[in-house]
Amino acid sequence: MAKILIVEDEKSIADLIELNLSLTGHTCQWAPLAEDALKQTEDWQPDLILLDVMLPGRDGFELISELNRFDIPVIFLTARQSVVDKVQGLRLGAEDYITKPFEPAELLARIEVVLRRAGKSSGKLQICGVEINLMERSVSRRGQPVELTAQEYNLMEALVRNRNIALSREKLLETAWGFDFAGETRTVDIHIQRLRRKLDWENCLKTVYKYGYRLESDG
Ligand code: CA
């Protein structure tokens with residue numbers, strides 16, 4: 001997984017981001033100020049930088065022009081919501097823009113997209129004994145291909161991208177079937193049973209009581 005530098009002056013927010021990123025296998029460093037960010041970028045060479053716009057001293061908009069020379073993708077984080085800021089951020093060279101507060105799942109999904117675009121993510125994962133290639137949408141177990149339907153695959157991908165995080169049935173429906181799918185949450189339960197059987201995930205695909213599911217993985 002990737003090395004991600006979190007440039008954010010509010011430690012509680014940085015901690016929360018780091019917790020979510022490390023659960024999904026990313027390595028993080030925290031830089032509270034622009035000066036730290038420049039030094040850590042130089043020394044540590046992260047794969048991606050999450051950059052808060054509102055920093056004391058030099059702000060994110062000033063900092064990104066200095067970070068551009070490292071050729072590392074940047075995603076802006078900000079509490080501001082104005083379209084002007086968004087346009088300015090993207091014009092200055094950011095790959096994406098996330099408005100706080102955001103859901104961990106949204107942050108992770110956007111990070112994955114930016115990493116893939118930058119060629120920093122091979123899309124290959126090894127989770128609970130199953131090899132997954134997100135680029136090819138292929139799955140195998142002990143070298144043997146596993147056939148999943150499109151819906152089973154989408155559900156698995158949602159769980160994999162948010163591994164170690166509990167996802168509600170509603171969230172899984174929304175992510176794997178799309179917003180306009182008029183299905184019932186029971187559909188999720190049925191597909192989870194199939195995934196457990198096909199992937200031999202009885203132990204790592206946990207039921208979260210009265211809520212949903214969580215895929216537990218060290219990888
Ligand atoms: Ca801030």
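A short reminder: the numbers here are calculations on the coordinates, not readings from a lab. Here the structure is a predicted model, which is why all the values come from computation and not from measurement. Positions of Cβ are backbone-derived with ideal geometry, glycine not excepted, and every protein chain shown enters the neighbour counts.
For region 160-219, which trypsin sites (Lys or Arg not before Pro) pass both filters: DSSP loop (anything but H, G, I, E, B) and at most 11 other C-beta atoms within 10 Å? Mind dumping the intermediate values first?
Values: sites: 161, 163, 169, 171, 186, 194, 196, 197, 198, 206, 210, 214; in loops: 163, 210.
Here the sparse-neighbourhood loop sites are 210.
Which far-off residues, 5 or more places away or on another chain, put their amide H under 5 Å from the one on residue 204, with H placed in the peptide plane?
Counting only residues 5 or more places away or on other chains, the set is empty.
Over the chain, what is the relative contact order in percent, taking alpha-carbon pairs closer than 8 angstrom and at least six residues apart? Present the calculation step by step, with values, prior to reporting the outcome.
Numbers: 332 pairs, mean separation 32.1, N = 219.
In percent, rounded to a whole number, it is 15.
Can you tell me how much longer the chain between residue 12 and residue 117 gets when fully stretched, taken as 0.36 nm per residue apart minus their C-alpha distance, in nm with one decimal? Before the final figure, lay out the partial values.
On the way: separation 105, 0.36 × 105 = 37.80 nm, distance 2.92 nm.
Length gained between residue 12 and residue 117: 34.9 nm.
Considering lysine pairs in the chain that are 8 or more places apart or on different chains, how many have Cα atoms under 27 Å apart?
Summing the qualifying lysine pairs gives 26.
Sticking with the crude label model, points 7 Å out along Cα→Cβ, report the distance from residue 79 to residue 99 in nm, one decimal please.
1.5 nm
Per the chain: cysteines with no other Cys C-beta under 4.7 angstrom?
28
Where Lys and Arg each count +1 and Asp and Glu each count -1, what net charge lies around residue 167 among other residues with Cβ under 14 Å from its Cβ?
Values: positive: 161, 163, 169, 171, 206, 210, 214; negative: 103, 106, 157, 170, 174, 189, 216.
Spelling it out: positives minus negatives among the neighbours equals 0.
In the neighborhood of residue 41, defined by Cβ-to-Cβ distances under 12 Å, what is the net charge if each Lys or Arg adds +1 and each Asp or Glu adds -1? All intermediate terms of the calculation are to be shown ahead of the outcome.
Numbers: positive: 3, 39, 69; negative: 35, 36, 42, 43, 47, 66, 71.
That sum, taken over residues with Cβ under 12 Å, equals -4.
Taking the chain as the reference, fit the longest principal axis to its C-alpha atoms, fit the long axis of helix 150-161 to the helix C-alpha atoms, and give the angle between the two in degrees, 0 to 90, nearest 10.
50 degrees
Quick one: which residues, 5 or more positions from residue 28 or on another chain, have an amide H under 5 Å from its amide H? H modelled 1.01 Å from N in the peptide plane, none for Pro or chain starts.
Close amide H contacts, sequence-distant or interchain: 4.
On a C-alpha basis, how far is the centre of region 181-219 from the centre of region 1-80 in Å? Whole number, if you could?
33 Å
Pop out the ³J(HN,Hα) list for region 59-73 in order, Karplus 6.51 cos²θ - 1.76 cosθ + 1.60 with θ = phi - 60°, rounded to Hz; leave Gly and Pro as x.
Values, residue by residue: 8, x, 5, 6, 5, 4, 5, 7, 7, 4, 5, 7, 6, 10, x Hz.
Rank-order 21-33, 133-145 by packing density, defined as the average count of other C-beta atoms within 10 Å over each peptide's residues, highest first. Intermediate results must be reported in sequence, preceding the final value.
Details: 21-33: 17.9, 133-145: 12.6.
Result, highest mean Cβ count within 10 Å first: 21-33, 133-145.
Taking the Cα-to-Cβ direction at residue 70 and at residue 170 and moving 7 Å from each Cα, how far apart do the two end points lie in nm?
Placing both labels 7 Å beyond Cα along the Cβ direction yields 3.9 nm.
Can you give the % of DSSP beta bridges in the chain that are antiparallel, to the nearest 5? Mind showing how you got there, number by number?
Values: 16 of 33 bridges.
Roughly 50 percent of the beta bridges in the chain run antiparallel, per DSSP.
Which whole-number percent is the relative contact order of region 3-117 (Cα, under 8 Å, 6+ apart)?
Numbers: 173 pairs, mean separation 26.3, N = 115.
That works out to 23 percent.
Nearest 500 deg cm²/dmol is fine: what mean residue ellipticity at 222 nm does the chain get from its DSSP H runs of n ≥ 4 alone, each adding -39,500 (n - 2.57), divided by its residue count?
-12500 deg cm²/dmol
In sequence order, what are the phi-derived ³J(HN,Hα) couplings for region 167-172 according to the Karplus relation 6.51 cos²θ - 1.76 cosθ + 1.60 with θ = phi - 60°, rounded to whole Hz, with x for glycine and proline?
Running phi through 6.51 cos²θ - 1.76 cosθ + 1.60 with θ = phi - 60° gives 10, 6, 4, 4, 5, 5 Hz.
Which whole-number percent is the relative contact order of region 62-112 (Cα, under 8 Å, 6+ apart)?
39 percent
Return the ratio Rg/(2.2 N^0.38 Å) for region 78-219, where Rg is computed over Cα atoms only. Present the calculation step by step, with values, prior to reporting the outcome.
Working: Rg = 16.8 Å, N = 142, 2.2 N^0.38 = 14.5 Å.
Computed over Cα atoms of region 78-219, the ratio equals 1.16.
Rounding to the nearest 10 and keeping the result within 0 to 90°, find how far the Cα-based axis of helix 34-44 lies from the longest principal axis of the chain.
Around 60 degrees separate the two axes.
Among residues other than residue 93 whose Cβ falls under 14 Å from its Cβ, what is the net charge (Lys/Arg +1, Asp/Glu -1)? Spell out each step's value before the answer.
On the way: positive: 69, 86, 91, 117; negative: 62, 66, 71, 95, 96.
After counting each charged neighbour, the total is -1.
Counting only residues 5 or more places away or on other chains, whose amide H sits under 5 Å from the amide H of residue 77 once H atoms are built in the peptide plane?
51, 52, 53, 98
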